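The values are calculated or read from the model by the stated rules, or taken from the named source; none is laboratory data. Predicted model, so just to flag it, every value in this text is computed and none were measured. With ideal geometry, Cβ positions are generated from the backbone for all residues, glycine too; neighbour counts draw on all protein chains shown. Surface areas here come from the heavy atoms of the whole protein model, side chains and all, with no ligands, DNA or RNA. Shrake-Rupley method; radii C 1.70, N 1.55, O 1.52, S 1.80 Å.
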Amino acid sequence: MRPNSIASLFKKLSFTLAFTLLALQPFAQATNTASVKGIVVDEQKAPLPYTTIVLKNAKDSGIYRSALSDEKGAFTFNKLKPGNYFIELSMIGFEKLVKPGITIADSEIDLGVSILKKSTNTLKEVTIKADVPLIERQIDKTVVNVGQNITNDGSTVLEVMQKLPGVQVSPDGQITLDGKPGVNVYIDGKATYLSAEDLVNLLGGMQASTIQKVEIMTNPSAKYDAAGTAGIINIVKKKNRKEGLNGSVNGSFGESYYSKYNGGLTLSYKTENYNIFFNNTYSYSKTRSGRTVTSDILNPNNSLLTEEASDNYSSSTNKTDRPTLGIDLYLSPKTTLTLSGTGGIGLSDNPLISNMNILDSNRVKTNTENFKSDLHDNPINYTTGIQLVHQLDTLGKQFTVNFDYSNYRNMPIQNNFTTLNDANGNFLSETDALLLQQRHLNIYEANADYEQPLNKKGKLETGIKSSYVKAINDNNYYDQIGGQNLLDTAQTDYSVNTENINAAYININQNFKKLTVQAGVRGEQTIAKGEQLLTNQVVNQNYFQLFPTLFFDYKLDDQNTFNIKLGRRTERAEYSEMVPFRRPQTATLYFQGNPNLKPQLSWHAEATWSFQSAFYITFNYDIYRDYIRTFPYLDSNKTTITRIPTNVQGAHALDIDIGYSKKLTGWWSTDNTLSIYQTAFNGSANGYSLDNGGILSAYLSTNNSFQLGKKLAAECDFEYDSKRQFINSTFGPYSILSFGLKRPILADKGSISLNAHNILQSEGHNAIDRNAGLYQYSEWYFYTRSVSVNFTYRFGTGKVTKAHAPGASDVQGRAGG
């Protein structure tokens with residue numbers, strides 16, 4: 001990299017680094033290192049999750065800290081001031097327990113197990129709000145509590161994904177994490193198996209109001225699928241934990257280039273014997289984007305042969321209805337059976353207009369080509385699942401079995417009309433084409449998991465899983481001539497891809513005072529077959545791979561922790577990337593799958609130092625083999641361009657992440673992430689060298705929330721992504737600035753918020769693609785600046801029942817198998 005480029009980059013980062021150093025000033029002062037922890041159970045020794053724990057000053061009974069116990073009944077208060085305190089533990093339906101005489105000095109106090117007794121009287125509901133941070137950085141993952149971000153109100157899950165720290169979503173739906181592709185997206189602990197395009201449609205139809213949190217795992221343990229070289233993003237939906245009839249309604253209306261709106265209803269009815277839950281969301285959105293593209297077609301000596309300059313405008317209309325219905329059956333206090341189903345009915349219209357000028361080697365216009373495409377689809381999908389959870393004892397032994405089936409159907413109809421004129425606008429020719437496509441995806445999954453404690457400070461996890469996926473793609477290309485549709489067999493394709501993965505894993509965690517060690521290994525057998533039925537071509541793959549993981553977490557002292565993670569992962573090609581159908585995207589641009597793609601493999605290593613659980617520095621290093629990337633190739637006619645997924649022989653990436661999260665004052669909290677990364681590549685494609693050292697890039701995400709009095713909260717989000725490179729493609733910088741205001745209404749059971757997104761309209765950026773005989777420059781324009789008003793209202797009894805064995809809604813966020 002040139003010195004002036006490095007200087008320019010670090011000028012952009014100077015403000016962020018200065019802010020971080022300023023925020024770290026309080027660390028120079030004296031710190032509090034004491035902590036208090038404990039576990040809450042009922043009289044049958046079953047854990048009591050979501051018990052309210054209040055730490056009070058003994059002198060005046062004032063509230064010093066408050067928290068909720070986790071799913072295992074555990075709670076912890078860290079960084080406490082020396083003094084005398086007492087603790088109150090309370091839960092609706094149980095008698096309040098007071099633990100007096102707690103003297104805090106500078107060490108850890110373990111209160112052990114606290115038992116709450118069942119109350120004989122009906123208690124009135126008492127609500128004590130415990131602070132939940134927006135971002136929690138844990139040993140094995142980063143948790144983003146999306147409900148804490150005001151600017152997420154009224155958003156789709158796709159829009160939330162674009163705000164996650166280190167996550168980027170490209171215009172074609174490719175998701176990267178810290179500049180690294182190969183992200184596997186889960187929903188409630190289950191892999192989606194969808195192509196980038198279908199995943200974007202799915203997430204774009206899900207409302208953020210249904211999401212509790214998002215977990216980002218750059219090095220998942222052996223209990224997770226090995227797919228996803230950049231890691232896993234797990235979207236965890238909200239779950240009901242209260243007895244009786246409870247629910248919520250929400251709605252949102254926004255204005256951007258076009259209007260958008262969504263609404264949702266959630267209902268649940270829970271007793272000691274069962275929990276019935278239902279929710280339904282509906283969303284409507286219409287977006288507009290533009291792209292100017294200049295493609296220079298080059299001679300072998302890199303001189304200009306011809307130039308194609310086009311202006312492209314597209315709009316996308318999407319309507320989605322997603323109902324979910326399920327029931328948890330509490331067969332016994334230790335056994336829960338869950339039956340659930342989710343459907344999705346959608347409608348999408350994606351018209352595109354492209355006007356192109358064709359120029360000769362002297363950049364003199366010779367022709368114009370106008371392209372119009374109308375793409376219509378009615379996607380339908382549904383997922384059904386059965387889960388059985390059985391707790392073998394009260395010490396932590398648990399057995400879980402899951403059976404799931406998913407079906408996705410897309411039937412897009414695409415009409416393409418192209419006219420060719422000379423330089424003076426005189427008509428030369430036209431083509432009219434019809435594409436009828438059917439895409440069916442069937443997914444079958446079964447897994448069994450077992451976990452048990454190993455003495456008081458260890459844990460064993462093991463399990464097996466089998467999945468079978470069948471993808472059918474029937475693509476028919478018709479030339480419309482004289483009012484008739486004539487099948488073009490050369491551009492028609494019918495393919496069937498099947499994939500069976502059988503896996504087993506073992507994971508062991510052990511705590512040695514200040515050191516925690518976790519080691520695991522996962523074995524996966526992959527049996528895949530790709531058939532082109534019209535040409536009788538078959539590609540078979542059958543291989544077995546091992547994926548070890550290793551974690552070290554060492555507590556240097558009460559303020560400093562050091563963490564190391566090592567692991568091996570893979571990234572298998574999307575099913576759509578292996579279908580050789582050549583699908584037109586504009587008059588001169590096509591996409592074609594590659595049935596010979598190999599799985600991408602990677603080794604990942606990272607080391608993290610954390611200070612006071614507030615300041616983090618992480619060093620990541622990745623080594624890749626058979627790196628998968630989609631390249632533009634110039635066709636033999638020297639006119640059209642085809643984008644084809646390709647394996648690149650090797651790559652390695654270095655990434656430095658700096659995180660800082662802290663409640664600076666009683667009314668101001670801040671969460672910041674800065675990533676500096678660079679990826680180098682080596683290899684070639686069709687004789688074109690892809691060797692390059694990459695460029696140094698940076699990503700910044702900062703969120704600041706403010707409590708403006710008792711009833712009004714405000715929030716400011718800013719995201720910046722610098723210039724970055726993926727092999728022979730370079731992308732320009734972009735930024736997004738958003739604000740939000742929120743206040744409770746209707747006796748604090750409802751809320752109303754006002755959000756302004758992408759205020760500066762600064763999400764657009766440029767892109768450069770290079771390949772043999774081709775230099776392509778693009779400018780992307782996104783009309784995403786918007787203002788929305790959002791409303792939420794919660795209703796119900798609001799009482800928590802006695803703990804049962806966790807159902808699917810509790811366990812799916814901790815995926816196994």
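Quick notes
- Relative frequency of Cα-Cα separations exceeding 20 Å in the stretch 252-309, percent: 65
- In terms of packing, defined here as the mean over residues of other Cβ atoms within 10 angstrom, the peptides 448-454, 602-608 line up highest first as 602-608, 448-454.
- Viscosity 0.692 mPa s, temperature 37 °C, Stokes-Einstein D of the stretch 216-285 from Kirkwood C-alpha radius, µm²/s: 210
- Solvent-accessible surface of the chain, taken per residue with a 1.4 Å probe and all protein chains present: 45 Å².
- Normalised per residue, the volume of the convex hull around the Cα set of the stretch 490-568 (Å³): 116
- Here the dipole of the stretch 229-322 is about 760 debye; that uses its Cα centre as origin and unit charges on the Cβ of Lys and Arg (positive) and Asp and Glu (negative).
- Aspartates and glutamates whose Cα lies under 18 Å from that of LYS711, excluding same-chain neighbours fewer than 8 positions away: ASP131, ASP153, ASP748
- Mean separation of Cα contacts under 8 Å, 6 or more apart, over the residue count of the chain: relative contact order %: 11
- Counting every C-alpha pair in the stretch 193-234, the share spaced more than 14 angstrom apart comes to 59%.
- Filter on LYS242/LYS749; LYS81/LYS456; LYS37/LYS456; LYS163/LYS190; LYS37/LYS238; LYS213/LYS710 - keep pairs with C-alpha separation over 18 Å: LYS81/LYS456; LYS163/LYS190; LYS37/LYS238; LYS213/LYS710
- With the convex hull drawn over the C-alpha atoms of the stretch 532-657, the volume per residue is 149 Å³.
- Cα-Cα over 19 Å, subset of LYS239/LYS565; LYS59/LYS118; LYS141/LYS565: LYS239/LYS565; LYS59/LYS118
- For the chain, the dipole from Cβ point charges (+1 on Lys and Arg, -1 on Asp and Glu) about the Cα centre works out to 3000 debye, to the nearest 20.
- Per residue Cα convex hull volume in Å³ - calculated over the chain: 163
- Among the protein heavy atoms of the chain, carbon and sulfur supply 57% of the accessible surface, probe 1.4 Å, non-protein parts ignored.
- Percent of beta bridges antiparallel (DSSP, the chain, rounded to nearest 5): 95
- Taking the stretch 196-315 and dividing mean pair separation by its residue count, relative contact order in percent (alpha carbons under 8 Å, at least six apart): 17
- Each Cα pair under 8 Å and six or more residues apart adds its separation to the average, and for the stretch 248-391 the resulting relative contact order is 20 percent.
- Between the C-alpha center of the stretch 700-749 and that of the stretch 207-265 there is a gap of 17 Å.
- With the biggest extent put first, the Cα atoms of the stretch 420-525 measure 83, 33, 17 Å across the principal axes.
- Shape parameters for the stretch 665-781, alpha-carbon atoms, Rg then Dmax in Å: 20.9, 69
- Centroid-to-centroid separation of the stretch 33-49 and the stretch 558-574 [C-alpha atoms, Å]: 30
- Among 693-700, 331-338, sorting by the average number of other beta carbon atoms lying within 10 angstrom of each residue, highest first, gives 693-700, 331-338.
- Debye equation applied to the C-alpha atoms of the stretch 674-727, log10 I(q)/I(0) at 0.18, 0.31 Å⁻¹: -0.71, -1.11
- Kirkwood Rh, angstrom, the stretch 151-299 [1 / mean 1/r, Cα pairs]: 17.5
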